[in-house]
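The values are calculated or read from the model by the stated rules, or taken from the named source; none is laboratory data. Keep in mind that this is a model prediction, so the values were computed, not measured. We place every Cβ from the backbone using ideal geometry, glycine too, and count neighbours over all the protein chains shown.
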Amino acid sequence: MPSNRNRRSVILVIEDVEETRYGIKRLLTVSGNQVVTARDEEDAVLLARIRAPDLILMCLGLDAAHALPLTQRIRARARLSESCRLLFSAMAISAKALRRKQAIAFI
């Protein structure tokens, strides 16, 4: 039976721009991770249920007004209450606001 130390992290990348999804997936895969990508909430929920990601990486630009609640919905619908999540964006949003929503980091 393989040890957990050798297990590769599963990262779910949610990004609506295909080229950006591809670039992020490639970067994370080269770094030794298993990466699955989704373009929207429905895809993300389906993939999260199937793959149970260790990390959800999401572009806040998908829906700026609802980005943080969107992540909470995905976690709830996919039953991922223990998963980590990391939100990223080029948009200005405060670290304090992200931490209140349990984000672990932002770029």
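For residue 80, state whether it is at pLDDT 85 or above, over 12 Å from residue 13 (Cβ atoms) and not in a strand (DSSP E or B).
So residue 80 fails the test.
I need the full set of residues from the range 18-62 which are farther than 25 Å from residue 76 by Cβ and either touching a helix residue (DSSP H, G or I) at 6+ places or on another chain (Cβ under 9 Å) or outside any helix (DSSP H, G or I) (or both), in order please.
Within the range 18-62, 31, 32 meet the criteria.
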